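Participant: Just dropping this structure here.
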Amino acid sequence: NTLGAVANKLMIPGGVEVTFTLPKNTDGTLTLSYEAENNGPVDGTGIQNGATLHCWNWSFAEIEANMALIAEMGFTAIQTSPIQPLKEFTTDETDTVSGCWWLYYQPVGFTITDGEGNALGTKADLEKMIATAHKYGIKVIVDVVANHLADNGANKIHSNVPSYLRTNSAYWHDISKNTNDWWNRYEVTQFCLAGLPDLNTGNKDIQNYVLTFLKECVDAGADGFRFDAAK
């Protein structure tokens with residue numbers, strides 16, 4: 001376990017705060033004594049039984065800056081917005097939920113963005129935030145967009161999608177068709193979501209691109225995933 005923001009307090013999962021002392025004995029040894037205060041009924045043994053904070057549109061730096069408070073309030077996990085490279089980059093993307101939040105759900109590929117590909121921050125920022133989260137016993141769930149990629153107007157593949165993805169017809173369903181009946185299995189799995197170019201997720205290459213991205217996230221410290229448009 002790792003010391004939290006306060007020098008004499010140890011934060012552990014579930015919002016449990018432990019205050020400890022290290023009195024020195026006459027023989028030079030130290031004795032650890034502590035008192036624990038449970039801040040709530042949260043079960044911190046795992047994500048399934050805990051409480052997850054959806055950090056909607058929060059940058060990695062914003063999440064990290066609030067990690068002590070997140071732990072203090074009893075959350076056992078946080079969920080990021082999508083971390084893939086976006087079709088457009090503006091500083092407005094993190095300003096308000098009512099602003100450009102939708103850009104996060106129109107990625108152009110399967111990798112952790114770096115540089116100015118995503119307003120959340122760089123890969124280094126993500127890794128630093130995850131390391132801080134783990135010091136507080138907080139798990140990190142990454143939002144993944146694997147159902148579709150970015151459009152360039154409805155039912156058109158954006159030009160910023162790499163050519164190896166954009167030009168291979170086997171990687172896409174018929175992107176001219178949109179889902180209208182959400183209870184129709186064929187439409188939901190084969191047609192586009194609101195004009196967003198629908199990937200053929202049954203294609204082995206697409207599956208491997210997604211899997212490679214998930215492994216990259218795990219290597220960066222991610223503990224789990226939320227899949228957008230999972231239906």
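The values are calculated or read from the model by the stated rules, or taken from the named source; none is laboratory data. In this text, all values refer to a predicted model and were calculated from it rather than measured experimentally. We place every Cβ from the backbone using ideal geometry, glycine too, and count neighbours over all the protein chains shown. In case anyone asks, the SASA skips ligands and DNA or RNA and just uses the protein heavy atoms, side chains included. Shrake-Rupley method; radii C 1.70, N 1.55, O 1.52, S 1.80 Å.
Participant: In the range 52-95, what residues are modelled with pLDDT of 95 or more and among the acidic types (Asp, Glu)?
Facilitator: Glu64
Participant: So, in the range 183-219, exactly how many residues are of a type in the set (A, V, I, L, M, F, W, C), open to solvent by 70 Å² or more (accessible area, probe 1.4 Å) and within 22 Å of the chain's Cα centre (by Cα)?
Facilitator: So the answer is 2.
Participant: Is there a residue in the range 171-182 that is farther than 17 Å from Val108 by Cβ, open to solvent by 70 Å² or more (accessible area, probe 1.4 Å), hydroxyl-bearing (Ser, Thr, Tyr) and not in a helix (DSSP H, G or I)?
Facilitator: Among the residues of the range 171-182, at least one is farther than 17 Å from Val108 by Cβ, open to solvent by 70 Å² or more (accessible area, probe 1.4 Å), hydroxyl-bearing (Ser, Thr, Tyr) and not in a helix (DSSP H, G or I), which makes the answer yes.
Participant: Where the second residue is at pLDDT below 95 and the first is of a type in the set (Val, Ile, Thr) and lies in the range 114-137, which pairs have Cβ atoms under 6 Å and are six or more apart or on separate chains?
Facilitator: Going by the 6 Å Cβ cut-off, the qualifying pairs are Thr122/Asp114.
Participant: Ok, one more. Suppose the filter is in a loop (DSSP other than H, G, I, E, B) and at pLDDT below 65; does Asp43 pass it?
Facilitator: yes
Participant: From the list Ile141, Ile130, exactly one residue is at pLDDT 95 or above and in a helix (DSSP H, G or I). Which is it?
Facilitator: Sole residue among the options that is at pLDDT 95 or above and in a helix (DSSP H, G or I): Ile130.
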